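For reference, the structure is listed below as structure tokens.
The values are calculated or read from the model by the stated rules, or taken from the named source; none is laboratory data. As the structure is a prediction and not an experimental result, all values here were calculated from the model. With ideal geometry, Cβ positions are generated from the backbone for all residues, glycine too; neighbour counts draw on all protein chains shown. These accessible areas exclude ligands, DNA and RNA; they are computed on the full protein's heavy atoms, side chains included. Shrake-Rupley method; radii C 1.70, N 1.55, O 1.52, S 1.80 Å.
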Amino acid sequence: QVQLVESGGGLAQPGGSLRLSCTASGFTFSNNAMRWYRQAPGKERELVATITSVHLTWYTDSVVGRFTISRDNAKNTVYLQMNSLKPEDTAVYYCNTRQIMTDYWGQGTQVTVSS
């Protein structure tokens, strides 16, 4: 079955950096787009970044120039490098893939940006 396991969250100061990882199993990773979402307290889950099977990328406006999504197909892993972090980046970050019209999610990893 599809499994997504995130890691790398934690506490960062404003202006700092974190790198999230998501290791996938149960499907052909290299053939599928992967996404990072986030959900802040009291807000809806929002799409942060996408990377396609051919490494095309998309970012929500608020993270352009600060976040970078990448993938290592040999390791079945997708990454989210987050630089110049802001307090408004505080959220639970989720890895996502879509298989035959079904969304699969990891357990989430907490990112807190605070001084």
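Here are the numbers for this structure:
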item: Mean projection area, nm², convex hull over Cα of the stretch 13-92; result: 5.5 nm²
item: Per residue solvent-accessible surface (Å²) - the chain, probe of 1.4 Å; result: 53 Å²
item: Value of relative contact order over the chain, rounded to a whole percent, pairs C-alpha under 8 Å and six or more apart; result: 37 percent
item: Apportionment of accessible area to carbon and sulfur, the chain, percent (1.4 Å); result: 48 percent
item: Charge dipole (debye, nearest 20) of the chain; +1 at Cβ of Lys and Arg, -1 at Cβ of Asp and Glu; result: 140 debye
item: At R0 = 30 Å, FRET efficiency that the Cβ-Cβ distance of V64 and N31 yields, to 0.05; result: 0.65
item: Accessible-area order (highest first, 1.4 angstrom probe) of the listed residues I51, I100; result: I100, I51
